[in-house]
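Read the structure below first, then the notes.
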C-alpha cells in the first residue's frame, strides 16, 4: 500500500462524544490525507496549499481562480463543477488567506467525494493556466476601455470598503511591510493590472508541489476507497522537486521599531456617504500556534472583557448615555504566531463645529432620572466618565481609554475566583455549541493550524517545524483545548494578569483610525469614468478594436464545450437513500380546552397530519397568547425554546417601537416577583445582573421580530414577535422560567433607552452604507408602502422597522429623552409588552369592544405558537411540554395579578362562554400552516416599478428584479419542484448565468432565488460592475430558452439531472445539523406541508415540467408590467450612464432578443435619494404619514 498511517489522535466535540483523526502520508512524498470522522450526512474536503504573498499582485488569489478553468487530464471548463453537482454538491469552491489557499468541496454522503477527489486534485496540481483564461478571469481592458476581469472587479468592489481597509492596515503595521501578512493576498487593483500569466505559472510551480499539499476530509467515509482512488493517479502524489531542498521560506516576524508609548497609530480615510461614524481598531502579536495554554487563556479573558453588554469593554465604551462605539469585536487570528484584533465600530466622528453631541452630553449628565427603578437598581450612571467626542480620532486618545481597562485587569485580574470558573464554563459550552453547529469548519481549521506551524514556523516548542528539520507535523494538537480549560479553572489570578501584561500592555500596539470621508467617495465615483476617458484617448480606436477582438477570442476559448462522450462517462449520481441522516421527529400539540382534549390526540408531523386551517375558538384553551406547540426531538446536546407571539392587534403607533423593544429585552432590568424569592419580596435585578445571569444560563438567546431578523429587516414572519434561547439539557426548567420572566417582568428605564437608541442609530448609519442591505430595505419599503391592506401585519411591521423609518424615530427618541419625556417612551414600551402578552380571550374581547379592527371584521384570530427542541432521549424522564406550560401559567398568573386589570385575568372556558357568547363567533386560525399574503405585483404602482438609489461610497451596483411566483398554495403544488430545479439549473456554478455574467466580468454573482414564503422569483446581481449588460445576458438566456435549439442546449437531460442532484444536496445540507433539523420541521409546518418524499419528487421532475413553469413564471421577467426592479448603485456620472443604458438598451450584441420589441428589455428607472425615502412622522399624530 502506498499510503502509511502516520498518526492518530482524537477530539471531543461533546462531553460524551470523541471523534478520531487519522493522518496518512504517501510513501514517496509529503502528500498527506487527514480524515476526521465527523458524523452526519455531509462529507467535506479541503485541499490545503500553504502559500505566501510576496506583494500586492494577488498571486495566490488569481491562481485560485484559474485552477477551476481546466486541468491537464480534464481540460474542459465546467467539467469539474458539473461533476461536483452530480456528486450531490453545489460545486467546488475555494478561499485565499495570507498563508494558505484552500480548495473545498462538500457532498451529501461520501460516494461523491470519492468520485471527484482525484479529478479535483488534477485541477489543483496540473491546471492548464492558458493566457486566454488569464485574460477573462483576472484582468483585461475591453473595447470601451473599461478595466475588467472577474478578480479585478471583485477586488475593486472590496478594496476601499471599511472592513477590508481595517484588516489590511492593521496587518501592514503589525508586520511592518515585511511579511506575507503585510500584503493583500487577494490583490490590489493597481497591482493586479501589472500581473502577468507567466508570474502565476511560476508561482504555481513553487507552491503547488504535491509534497506541499494536504487533503482534509471530514465525514463518515471509507478511508481505503479514498486512498485507493488516489493511488491510481501517482502523478498527482509524487513530488516534482528535490524534497531535500526547502525552497519555501519560513514566515519570520520583523522586529518593531522603538516608538513613543509603544503605539503605532495610522489614520485611514474611507469613502462613504456620510461622516457620522467611523471605527477604531487595535492589533497585537500573540502566542505561537502551539502555545495553546496562552491562546485559550486569552480567549477566556476577552470573553470576559467583551462578550456581553455587562462586560467591561461594553460598559466603558458602548452601554453609556454617550456611547463611544456601537459594537466591539475580538478575534484571535490563527497566523503562525497568532495575532489579536480588537475592533470598535460605530465610533462617533465629530468634525470641527459639530459640537451638538458634546453639548448634549452636558445636558444629559445634568438631567435627574426620575425613574424609581434606578433608585433601586445599582447603576454606574453617576460614575460615568464624560468624554470629549472631538478627540476620539486623535492618535492615542481612544487607546489611552482602552489601556485603562487592560491596566485595571493586569492589576486586579478577574473580580473574583468564581467569575473565572463561570467564564471558563461559558467558553466551554460555547465551544460545544459551535462544534455542534459547524464541526466541519472548526475541525478543519484546527488541523490547518497544525499544518501551517509545520510548514512556516521558524521554531516550534513541539519540535514539528519543517524549518527545524522535522519530518512530520503533529496533527490534532487542539484536542487539548478542553483539558486546558479544566486546568485553567485552578490557575491563580497571577496567570491571567500576566497574560494581559505580556500580550497587551508590555508589547507594541497597532492603532488604525478609520475616518469616514464623503469627499473621497465623490472623488472615487468620478475617477474611474475619467480614467476610462483617458484610456480611450491613450489607446486610440485601433488598439481598442484589437483589445475587443482579443477579448472575443478569449471568451470563445473559455466557453463551456464538454464533448458528449466525456459527459456520458461521468459516474452515476449517488444513491440518496444511503446518506446517513440526523434523527428528527416532530409533533404538534393543539392547546385545547378540557372537553376537546378528551376527544383528540396530539398530531404528528411525520404523518403529514396538520390541523385544519380554521377552527372555532370555543374549542381552545384561550388563556394564553398561543394555541399551538411544536415539539422536536433530534441529535443535540442542548434544549431550545422559541415563543412566537402574534402582533396583529398591536396599535399602529406602537409598531415603530419594536426595534428598541427587541434590543432592550435581555439587556434591561427585571423585577423578580416575590413568589420566586426566599424572602417573599420582589427583587429588582439591574440590567448588568440580568445580562450576566442570561450569559450563565443560556448558550444563545434573542428577542426579535420574525425569522431571520437583521434589526431593520426581517426575512419572513415579521407579524410575530419571537423570544428564543437555548441551554444545556439540565437547565431546561431554569431556561423556561427565565425566558418567561424576561418577557413578562422586564422593566424599562431612561439609562437603557438612551444607550440602546444611540447604539442603534450608529448601527443604522453603517447599514445605510451597504448596497446589498439597502437593496432589501428599499424593496421591502416600496412593497409595504404600495400595499394599502391595513390588515397585513407583516408589511406594517416591515415598514415600521425599516431604516427609512427608524432613523427619524430613533432621533425622536433621543430628543424626547433630552426633553424629559422619557415616561411617555416607557409607557409605549410597556404597552407593547402588554399587547404581545394578551391572551386570545383578551384579544377577542377587545376586538368586540372596538368594532373596527381587522380581527373584528374577519372574526378570526391568528394565535401565537411555541417550538420546543430537545435531545432525543430527554423525555424519558421528563415531560418538557408540561414543564414549559406550567412555567408559563405560573408566571402569567403573577403577571396578570400585577397588572390588576380585571379584563386581563385568566378565565375558565365556562366563564368565557357565560361572559360573552359573541366570542363563539370567532375562529382560531391554525398557525400550521401560518396564514400568509404573497407578493402581488399589481399592488405596486407604475412610479415604483423601477427604482434606482445611488449611494455614495459604492464601487459596484446591486440589483433585484422580482416577479410573482405563488407556488406555496394551493397545496400540494408540484410547481415547487420544477421551479426549484430550473432556478438551480440556471444559477449553478458554471451554469448559464454564471458563465454569461460572472464569466464576462459583469458581476461577481448573478443568481435566481425562489422565495417560497413571499411568493417571489427573484433575479439578483451582487457586486455588479456592469448591471445593464448583466441583466441583458439574463434576458438573452430567457429568450433563448423559448427556442427549440436553445431549450435543448440549456435544458438538456444532462443539465437537468445535474441540477436535480444539486437541489437534493441543498435539501440534505439544510438538515445536516441539529439546528437545521429543528428549523426544517418548523419551516415545513409553517408552510403547511411536510414532504418526506422531497428528494424523490425532485428526481421525478421532467423537461416538460420545466417548460411548463418556464412559461408560467420565468417569462414574466420579460414583461415590464409583471416585474419590479430595484437597484442601488454608484453616485455621480456613473448613475447617469447606468440609467441611460437601462432605459435604451443596445440589443445589437444579443441574437436572441426581440429587436422589434425593445421595450421588453428597457427598464426606465426612477432615481430616488436615500433622504427622500425616509418616512416622516408627525410626533403628535398616532398614524404614520408618509411623504
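The values are calculated or read from the model by the stated rules, or taken from the named source; none is laboratory data. Because the structure is a prediction, the values reported are computed rather than measured. So basically every Cβ, Gly included, is an ideal-geometry build from the backbone, and we count neighbours across all protein chains shown.
Each row is one residue, and each column tells you yes or no for (1) on the phi > 0 side of the Ramachandran plot; (2) in the same structural domain as residue 888 (by TED's automatic domain parsing); (3) modelled with pLDDT of 90 or more; (4) in contact with a strand residue (DSSP E or B) (Cβ under 7 Å, 6 or more places away or on another chain).
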| residue | (1), (2), (3), (4) |
| --- | --- |
| 745 | no, yes, yes, yes |
| 760 | no, yes, yes, no |
| 775 | no, yes, yes, yes |
| 780 | no, yes, yes, no |
| 784 | no, yes, no, no |
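On the basis of being assigned by TED's automatic domain parsing to the domain that holds residue 794, within 26 Å of residue 710 (Cβ to Cβ) and part of a loop (DSSP other than H, G, I, E, B), does residue 658 make the cut? Show your work before the answer.
On the way: assigned by TED's automatic domain parsing to the domain that holds residue 794: yes; within 26 Å of residue 710 (Cβ to Cβ): yes; part of a loop (DSSP other than H, G, I, E, B): no.
For residue 658, the condition - assigned by TED's automatic domain parsing to the domain that holds residue 794, within 26 Å of residue 710 (Cβ to Cβ) and part of a loop (DSSP other than H, G, I, E, B) - is not met.
Looking at the structure I just gave you, is residue 717 touching a strand residue (DSSP E or B) at 6+ places or on another chain (Cβ under 6 Å), outside any helix (DSSP H, G or I), assigned by TED's automatic domain parsing to the domain that holds residue 676 and in contact (Cβ under 8 Å) with a residue 24 or more places away in the chain?
Yes, satisfied.
Yes/no matrix, rows are residues, columns are (1) in a loop (DSSP other than H, G, I, E, B); (2) modelled with pLDDT of 90 or more:
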| site | (1), (2) |
| --- | --- |
| 522 | no, no |
| 528 | no, no |
| 533 | no, yes |
| 538 | no, yes |
| 570 | yes, yes |
| 573 | yes, yes |
| 595 | no, no |
| 623 | yes, yes |
| 631 | no, yes |
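Restricting the search to the range 1083-1093, which residues are in contact with a helix residue (DSSP H, G or I) (Cβ under 9 Å, 6 or more places away or on another chain) and modelled with pLDDT of 90 or more?
Correct list: 1084, 1085.
Go through 504, 510, 560 for me and flag whichever is part of a loop (DSSP other than H, G, I, E, B) and surrounded by 16 or more Cβ atoms within 10 Å (Cβ to Cβ).
The unique qualifying residue is 560.
Quick one: in the range 150-162, which of the residues that are out of contact with any strand residue (DSSP E or B) (no Cβ under 9 Å at 6 or more places or on another chain) and over 23 Å from residue 559 (Cβ atoms) is surrounded by the most Cβ atoms within 10 Å (Cβ to Cβ)?
155
For the range 604-617, state whether one or more residues are outside any helix (DSSP H, G or I), modelled with pLDDT of 70 or more, under 32 Å from the mean Cα position of the chain (by Cα) and within 30 Å of residue 970 (Cα to Cα).
Among the residues of the range 604-617, not one is outside any helix (DSSP H, G or I), modelled with pLDDT of 70 or more, under 32 Å from the mean Cα position of the chain (by Cα) and within 30 Å of residue 970 (Cα to Cα), which makes the answer no.
Looking at the range 524-545, can you tell me whether even one residue there is within 30 Å of residue 274 (Cα to Cα) and assigned by TED's automatic domain parsing to the domain that holds residue 430?
Initial filter on the range 524-545 (within 30 Å of residue 274 (Cα to Cα)): 524-534.
Subsequent filtering for residues that are assigned by TED's automatic domain parsing to the domain that holds residue 430 retains none.
Checked the range 524-545: no residue is within 30 Å of residue 274 (Cα to Cα) and assigned by TED's automatic domain parsing to the domain that holds residue 430.
Take the range 233-287 and flag every residue that is touching a strand residue (DSSP E or B) at 6+ places or on another chain (Cβ under 6 Å) and closer than 30 Å to residue 114 by Cα.
237
Only one residue in 1062, 1072 is within 21 Å of residue 1006 (Cβ to Cβ) and within 25 Å of the chain's Cα centre (by Cα), so which one is that? Before you say what the answer is, go through the steps one by one.
On the way: 1072 fails: within 21 Å of residue 1006 (Cβ to Cβ).
Only one candidate qualifies: 1062.
Kindly evaluate residue 1031 against the criterion of being closer than 24 Å to residue 937 by Cα and buried (at least 22 other Cβ atoms within 10 Å of the Cβ).
Considered against the rule, which asks whether it is closer than 24 Å to residue 937 by Cα and buried (at least 22 other Cβ atoms within 10 Å of the Cβ), residue 1031 comes out as yes.
Just give me the residues in the range 727-737 being surrounded by fewer than 23 Cβ atoms within 10 Å (Cβ to Cβ) and touching a helix residue (DSSP H, G or I) at 6+ places or on another chain (Cβ under 8 Å), in sequence order.
Matches in the range 727-737: 728, 729, 731, 733, 734, 737.
Collect the residues in the range 191-204 that are in contact (Cβ under 8 Å) with a residue 24 or more places away in the chain and not in a loop (DSSP other than H, G, I, E, B), keeping them in residue-number order.
Residues satisfying the conditions are 191, 192, 197, 199, 200, 201, 203, 204.
Which one is surrounded by the fewest Cβ atoms within 10 Å (Cβ to Cβ), of the residues in the range 207-223 that are out of contact with any helix residue (DSSP H, G or I) (no Cβ under 9 Å at 6 or more places or on another chain) and not in a loop (DSSP other than H, G, I, E, B)?
Within the range 207-223, the match that is surrounded by the fewest Cβ atoms within 10 Å (Cβ to Cβ) is 223.
Within the range 305-353, track down each residue that is farther than 25 Å from residue 169 by Cβ, touching a helix residue (DSSP H, G or I) at 6+ places or on another chain (Cβ under 9 Å) and in a loop (DSSP other than H, G, I, E, B).
Hits for the range 305-353 are 307, 308, 309, 310, 311, 319, 320, 321, 322.
Residues are listed down the side, and each one gets a yes or a no for (1) modelled with pLDDT under 95; (2) assigned by TED's automatic domain parsing to the domain that holds residue 1053:
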position: 909; (1), (2): yes, no
position: 918; (1), (2): yes, no
position: 930; (1), (2): yes, no
position: 941; (1), (2): yes, no
position: 955; (1), (2): yes, no
position: 969; (1), (2): yes, yes
position: 972; (1), (2): yes, yes
position: 979; (1), (2): no, yes
position: 983; (1), (2): no, yes
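So which residues in the range 289-304 are in contact with a helix residue (DSSP H, G or I) (Cβ under 8 Å, 6 or more places away or on another chain) and either crowded, with 21+ Cβ neighbours inside 10 Å or in a loop (DSSP other than H, G, I, E, B) (or both)?
289, 290, 296, 297, 298, 300, 301, 304, listed by residue number.
Those residues that are in a helix (DSSP H, G or I) and crowded, with 18+ Cβ neighbours inside 10 Å, I need them from the range 1081-1093; list them, please. Walk me through how you get there before you give the answer.
Going residue by residue through the range 1081-1093, those that are in a helix (DSSP H, G or I) are 1081-1087.
Within the range 1081-1093, 1081, 1082, 1084, 1085, 1086, 1087 meet the criteria.
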